[in-house]
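Asker: Have a look at this one before I ask anything.
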Amino acid sequence: AMLDPDSGLSLTIARIVQRLKGSSLHSQLERQARVSLHKPEIKLESLKEDIKDFLRTSGWEKKLQNAVYSELNVFPSPCHPAAPPEHMKEPLAYMRKAQGNWEKRILKSLNSMCTELGIPLAQKRPVNEQKELLNKWNEMGTDEPDLSLFRPVYAPKDFLEVLMNLRNPNYENGEQLSFRNHLGLIQVPLKVKDIPELKEEFSELGLNIGQLGIDDSAQVPPEFFENEHVRVGQKVLAEQDSAAAQQYVRQGCPTALRADLWALILNISNQPEDILYYEQLKSNVIQHDLLVDSLIYKDVKLTASNDDYYFVFEDYLYQVLLCFSRDTSVLEHFTYSSATPPKSYIRGKLGMEEYAVFYPPNGVIPFHGFSMYVAPLCFLYHEPSRLYQIFREMYVRFFFRLHSISSHASGIVSLCLLFETLLQTHLPQLFYHLREIGAQPLRISFKWLVRAFSGYLATDQLLLLWDRILGYNSLEILAVLAAAVFAFRAVNLMEVTSLAAAEAVLADLSTLKVMPLLQIFLFATVT
């Protein structure tokens, strides 16, 4: 049920006020207002206006604007007051059910591993182990524990099988013929954008607009554009305006400014209280040993440690991911995620709600490749608490959508469908050829999408891609890029006769240039 714009707006305002009331920004603003009372320029007769002026000139008003903007970016528009709360999580009942069943499978896998290995989900570390861990906190990678018995709870290909079996029960009897022509692996009717709509959404990527990441634009000499773009970027940073920064990065971030621009868009300021919070998470890691720690450890060893770009960041990855698993503030994102945090019961109290705890404390069970969400950020942020906050914010805004079942436009189901629809519509010959030889394109591209291309593209290219995710507050660009990669390699793919051969053609994406591929696919494809 849609709301009329006015009541929608007032509900949104009420929610934002409610959420900001509990924040440290609120107490800082109160403190600043009290301090300002002692300033000579504040007069009793114009008290309210004077305090407002003071907050404006001292930069606090901008901080408040950014906090509001951040809330608007993260939380969905409010549902009708009468709508049940699960509608905010996911409006379609069959999607909620599928997500619930998938969660049961993951938990079963986790619990059976516990039983097999005879390890509890959580235990306090003995004091000597605590000391040892504290001493080697910055070089955890030197440890070589035996993890041969641990296996990832699931890998992307297991998840793809689940998505391929999704069906909308209302369409079982083939009444929706238009969708029946969809010959991809995803068989649910969701609305995805076509090329004209994508051109409109991503208009700043047009051929006549300067871009970072395009070397030979006919319109503008690249060095002229770059110098000018850097100058504008510095101005945006000086202004400290999140909305302006988000608009700016649609044309790419200059390398030297990227870390600060992303932090501004994500409204991360790394205040003393944030650093303190990170230290608390760290001490929680030191004190308690969780089964997920071994899963995180194994994942880093299997992925980032073998990666030519990322192996140097191994220690950062342990720090961030171990702290992340303890962070209960992550639970908040479940209000707008189709997923539900798993519960565990204190021994002997199964099913008794007062003895239930979320496990892991952040509600997120890592899967094979999860550490690759953090790895690219290590290039930008070298201070652990800031790196941690940026990752957490990227996760609760974007990455959670890549491993949960939902109908959201940036959710993995929509991205898969968008990818398949773009290929089937614009490269029908290639699509049918690959389908005929048993090499359904999504079988190859799914892992790129789930990881937001991390570990597949060269890092400089990946960061240019993630600039646009932040700039458009959307993951749809991932599906467009995946289709563009197939278009780029189409000639070679037309010659393969098996899935293995098709995978070989697309095995190495490290030489690809993201921006020209996106531009050609979106703006030079004949529609």
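Asker: Are any of the residues in segment 249-268 assigned by the TED database to the domain that holds R326 and among the small types (G, A, S)?
Answerer: no
Asker: How about segment 27-54: which of its residues are part of a helix (DSSP H, G or I) and surrounded by fewer than 10 Cβ atoms within 10 Å (Cβ to Cβ)?
Answerer: Kept after step one, since they are part of a helix (DSSP H, G or I), are these residues of segment 27-54: 27-36, 44-54.
L44, E45, K48, listed by residue number.
Asker: So for segment 128-148 (the condition being among the hydroxyl-bearing types (S, T, Y), open to solvent by 30 Å² or more (accessible area, probe 1.4 Å) and not in a helix (DSSP H, G or I)), does at least one residue qualify? Walk me through it before giving the result.
Answerer: Keep residues of segment 128-148 that are among the hydroxyl-bearing types (S, T, Y), which gives 142, 148.
Narrowing further to those that are open to solvent by 30 Å² or more (accessible area, probe 1.4 Å): 142, 148.
Subset that is not in a helix (DSSP H, G or I): 148.
Looking through segment 128-148, at least one residue is among the hydroxyl-bearing types (S, T, Y), open to solvent by 30 Å² or more (accessible area, probe 1.4 Å) and not in a helix (DSSP H, G or I).
Asker: Among I265, I286, which is the only one that is of a type in the set (A, V, I, L, M, F, W, C) and surrounded by fewer than 20 Cβ atoms within 10 Å (Cβ to Cβ)?
Answerer: The match here is I286.
Asker: Let me ask something additional. Only residues in segment 255-267 that are under 17 Å from H382 (Cβ atoms) count as the first member; pair them with residues that are crowded, with 24+ Cβ neighbours inside 10 Å, Cβ under 6 angstrom, at least 6 apart or cross-chain, and list the lot.
Answerer: L261/A245; L261/V249; L261/C253
Asker: Now for a separate question. Working only within segment 430-483, note down all residues that are farther than 18 Å from I265 by Cα and of a type in the set (S, T, N, Q).
Answerer: Hits for segment 430-483 are Q440, S445, S454, T459, Q461.
Asker: Checking A504 against (1) farther than 15 Å from L212 by Cβ; (2) within 26 Å of the chain's Cα centre (by Cα); (3) assigned to a helix (DSSP H, G or I), only one condition comes out false. Which one?
Answerer: Here A504 meets the rest and fails (2).
Asker: Hey, another quick one. Can you tell me which condition C253 does not meet? The list is (1) open to solvent by less than 30 Å² (accessible area, probe 1.4 Å); (2) closer than 30 Å to P428 by Cα; (3) outside any helix (DSSP H, G or I), and all the others hold.
Answerer: So C253 meets the others, but not (2).
Asker: Identify all residues within segment 335-358 that are open to solvent by less than 30 Å² (accessible area, probe 1.4 Å) and modelled with pLDDT under 90; write none if there are none. Talk me through it step by step, then tell me what you get.
Answerer: So the first thing to find is which residues in segment 335-358 are open to solvent by less than 30 Å² (accessible area, probe 1.4 Å), and the list is 336-339, 341-342, 344, 356.
Residues satisfying the conditions are S344, A356.
Asker: If you don't mind, another one. Where residues in segment 61-82 are more than 21 Å from the chain's Cα centre (by Cα) and modelled with pLDDT of 75 or more, which of them is surrounded by the most Cβ atoms within 10 Å (Cβ to Cβ)?
Answerer: K63
Asker: Right, another one. If I ask for residues that are acidic (D, E) and out of contact with any Asp or Glu (no Cβ under 9 Å at 6 or more places or on another chain), which ones from segment 100-144 would you list? Can you show your working first?
Answerer: Step one: filter segment 100-144 for residues acidic (D, E), giving 103, 116, 129, 132, 139, 143-144.
E103, E116, E132, D143, E144, listed by residue number.
Asker: Can you spot a residue in segment 487-498 that is among the basic types (K, R), within 22 Å of L205 (Cα to Cα) and open to solvent by 20 Å² or more (accessible area, probe 1.4 Å)?
Answerer: Taking segment 487-498 as the starting set, the residues that turn out to be among the basic types (K, R) are 489.
Filter once more, so that each one left must be within 22 Å of L205 (Cα to Cα): 489.
Narrowing further to those that are open to solvent by 20 Å² or more (accessible area, probe 1.4 Å): 489.
Yes, segment 487-498 contains a residue that is among the basic types (K, R), within 22 Å of L205 (Cα to Cα) and open to solvent by 20 Å² or more (accessible area, probe 1.4 Å).
Asker: Against the definition (acidic (D, E) and assigned by the TED database to the domain that holds L295), how does E144 come out, yes or no?
Answerer: yes
The values are calculated or read from the model by the stated rules, or taken from the named source; none is laboratory data. Quick caveat, the model's predicted, so the values are computed rather than measured. All Cβ positions, even for glycine, are placed from backbone atoms using ideal geometry, and neighbour counts span all protein chains on display. Areas reflect the complete protein model, heavy atoms only, side chains present, ligands, DNA and RNA absent. Shrake-Rupley method; radii C 1.70, N 1.55, O 1.52, S 1.80 Å.
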